[in-house]
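The block underneath contains the structure these notes are about, expressed in structure tokens.
The values are calculated or read from the model by the stated rules, or taken from the named source; none is laboratory data. As the structure is a computational prediction, the values presented were derived from the model and not from experiment. Positions of Cβ are generated from backbone atoms using ideal geometry, with glycine treated the same way; all protein chains shown enter the neighbour counts. When the accessible area is computed, the model is the full protein with side chains, heavy atoms only, and any ligands, DNA or RNA have been set aside. Shrake-Rupley method; radii C 1.70, N 1.55, O 1.52, S 1.80 Å.
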Amino acid sequence: MSETRDAGRPGPGGAKAAGAAEEAPLSRLLRLMATLRDPVAGCPWDVAQSFATIVPYTIEEAYEVADAVARGDLRDLRDELGDLLLQVVFHARMAEEQGAFAFDDVARAIGDKLVRRHPHVFTPDGTPLPAGSPLRDPAQVEAQWAAIKAQERAARQKELQEALQDTGAAPDPAPDPLGGVARALPALARAEKISRRAAAYGFDWDEAAQVVDKVREETDEVAEALAAGDPQALSEEIGDLLFSVANLARHAGIDPETALRDGTAKFERRFAAMARHLAASGGALGRSDLAAMEAAWQAAKRDEAGGGP
């Protein structure tokens, strides 16, 4: 990345005086973070942080990016992407201080991965292929993508086994075939990814209708555990039910996190409308019985469907 802009070219914030050099935005961000982490001249809070203490903020910022997208607020999206980029810079700076890697290594690694995973777009050195390349066949692209990711996982497992041998420990004779799916993912998203990984080995249902049957089976088992009054069994069966629902979403081509987020938003919207219906009839949440709330709920659903009062 160039360290300065063309002196006569205005940046995003407006024109600059002729001859004035402008620090590249990313270089400036890296410099600011280095200063914040300076043990003597930096910010005490930033200096005190570690990978573990920053991770919750990283996850939070990713969710705030998703929220800005869902709301269609591009100005907020710009700001939230900046907050998320700051998290990457923060982690990279702490790693650089430990001599592990730096921000450039992060950027280089993801660039290499993009080239490696898109042989239908780039040659091995990153040169774009011609627009009419036959390698862009969609069916081949999807199969190739899965094969490349499998190769990467195998290579990573080999590295881990070799590292284990270097410590004198015996290598694992059967590496985890489902390893590598981040445990910090939301549970529903991780369930979908785990089931997708298992399906890649051929362990899967043939069609979505079979998964629906599995969901019904798990629902029956939840009812049995509930009737038995066994909290541990009930928790386990509800977990099985949720995992089956994640499988159903995958088979249907639906992102379960998005579906649940949309379903929750719909409930929030209808609940607020229900409260308005109660208020219009002289009632209120907390003072209305279940029958009145159910009637207001059904009215809210009719309103949403365009049926009117």
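Would you confirm whether any residue within region 241-261 is farther than 30 Å from residue 221 by Cβ and surrounded by 12 or more Cβ atoms within 10 Å (Cβ to Cβ)?
Within region 241-261, the subset farther than 30 Å from residue 221 by Cβ is none.
Looking for residues that are farther than 30 Å from residue 221 by Cβ and surrounded by 12 or more Cβ atoms within 10 Å (Cβ to Cβ), one finds none in region 241-261, hence no.
With respect to the conditions (1) modelled with pLDDT of 90 or more; (2) under 30 Å from residue 197 (Cα atoms); (3) touching a Lys or Arg at 6+ places or on another chain (Cβ under 9 Å), residue 148 lacks only one, and its number is (1).
Among the residues of region 190-212 satisfying the criterion of being open to solvent by 90 Å² or more (accessible area, probe 1.4 Å) and assigned to a helix (DSSP H, G or I), which is nearest to residue 142 (Cα to Cα)? Of everything passing the filter in region 190-212, 196 is nearest to residue 142 (Cα to Cα).
Of the residues examined, residue 79 is not one that is over 24 Å from residue 262 (Cα atoms), among the acidic types (Asp, Glu) and at pLDDT 95 or above. Within region 54-73, the set of residues being charged (D, E, K, R), farther than 16 Å from residue 257 by Cβ and open to solvent by 80 Å² or more (accessible area, probe 1.4 Å) comprises 71 only. When region 71-103 is filtered for residues that are farther than 22 Å from residue 184 by Cα and in contact (Cβ under 8 Å) with a residue 60 or more places away in the chain, the ones remaining, listed by number, are 97, 103.
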